[in-house]
Amino acid sequence: MRLAHKLIDATFAERVFLCNSGAEANEAAFKLARRVAHDRFGPEKYEIIAALNSFHGRTLFTVNVGGQSKYSDGFGPKIVGITHVPFNDLAALKAAISDKTCAVVLEPVQGEGGVMPAELAYLQGARELCNEHNALLVFDEVQTGMGRSGELFAYMHYGVTPDILTSAKSLGGGFPIAAMLTTEALAKHLVVGTHGTTYGGNPLACAVAGAVMDVVNTPEVLNGVKARHDKFKTRLEQIGAKYGLFTQVRGLGLLLGCVLSDAWKGKAKDIFNAAESEGLMILQAGPDVIRFAPSLVVEDADIEQGLERFERAAAKLTQA
């Protein structure tokens, strides 16, 4: 209860469903969206709209909502009633939504899809369209939540409030825990037996997540993330320009993506391997984007050392 109250006090939410992973939290969110629509409007209102190249987990429901065939193919017939539209394309979303839509599911920053931040007008438009069609707006903040963006949750950057929000990963600081946040009016549709989890909300996980909340939800940490973002972005842009590796550095807070130049498109794995050979762990976000997601409290000295190693890797790659 203490963890739930901390999440409620810090967000729009009035109810919290605790579980063990981001996929579980998203599964709960999608089930809730369909159940609310069923109860309020009838069985024909069940369609979900999500963004192409999104990622929401690896359960059968979440891989179908994710819209990446490499994760969803090979498991028999797809779940019906799911439509995918290009991210940041409000016109496409407007064309797809209807009175049969129960939810629009978005990541404020697409992580696996290339560290692509949502445009403000896009999220504002999505909110308005959901209101017009009695659909719920669901934000998957499994990657962007818990300070990663420089705010406790990324929706706070935009001033666009969802109906349902999911959180995991950093919520537990490495410990397995996740949460679905929503309002009291929506939560009451999940009556006893409609959803549950054996180990969700176990005392140890909740104690860990509560301690994480106490540390992360402070001006010191959140302002520090914003300051480190500026340092990272400036230095990465310098490296990109010097070696011609990438043309853009984008993202929020300490979730940054370096978009590879035409000469290096499709070679993110090569850059990953070169960095690894210098003792630096980085990430890929598809074949054309290098992703950086360091600790929220990474020291300045570690930033400098890490980026020096990355530059050495870039130099060796481009000289080869």
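No value in this document is a laboratory result; all are computed from the given coordinates. Values in this document were obtained by computation on a predicted structure and should not be read as measured data. Here Cβ is always computed from backbone atoms with ideal geometry, including for glycine, and neighbour counts include all displayed protein chains.
Computed from Cα atoms, the angle from the helix 300-319 axis to the main principal axis of the chain rounds to 70 degrees.
Mean residue ellipticity, 222 nm, helices only, the chain: the sum of -39500 (n - 2.57) across DSSP H runs of n ≥ 4, divided by residue count and rounded to 500, is -13000 deg cm²/dmol.
Annotated for the range 189-320: lysine pairs at least 8 residues apart or interchain, Cα distance under 23 Å, count 13.
With R₀ set to 56 Å, the beta-carbon distance separating LYS31 from GLN319 gives a calculated FRET efficiency near 0.60. The angle separating the long axis of helix 120-132 from the principal Cα axis of greatest extent in the chain is about 10 degrees. Near ILE48, the amide H atoms lying under 5 Å from its own belong to ILE82, THR83, CYS102; only residues 5 or more places off or on other chains count, and H is placed 1.01 Å from N. Between the range 71-138 and the range 16-62, how far is it from one alpha carbon centroid to the other, in angstrom? Here the answer is 12 Å between Cα centres. Here the calculated FRET efficiency for ALA207 and GLU184, from their Cβ-Cβ distance with R0 = 30 Å, stands at 0.75, rounded to the nearest 0.05. Exposure proxy shown here: for THR182, THR318, the number of other Cβ atoms within 10 Å sets the order, fewest to most, as THR318, THR182. As a calculated quantity, the FRET efficiency between ARG2 and ASP270 at R0 = 35 Å, using C-beta atoms, amounts to about 0.15. Starting from the Cα of LYS100, draw a straight line to each of the lysines and keep only those under 28 Å, dropping any in the same chain fewer than 8 residues away. By straight Cα distance, LYS100 reaches LYS31, LYS45, LYS70, LYS78, LYS188. Modelled this way, with points 7 Å down the Cα-to-C-beta line, the labels at GLU132 and GLN238 are 4.7 nm from one another. Taken as Cα centroids, the range 169-200 and the range 212-260 sit 30 Å apart, rounded to the nearest whole angstrom. Tilt of helix 268-277 relative to the longest C-alpha principal axis of the chain, in degrees (0 to 90, nearest 10)? Roughly 60 degrees, rounded to the nearest 10. Of all the options GLN110, GLN124, GLN305, the one that moves most in a Gaussian network model of the chain with Cα springs shorter than 10 angstrom is GLN305. A simple spin-label model places the labels of PHE175 and LYS78 3.9 nm from each other, with each point 7 Å out along Cα-to-Cβ.
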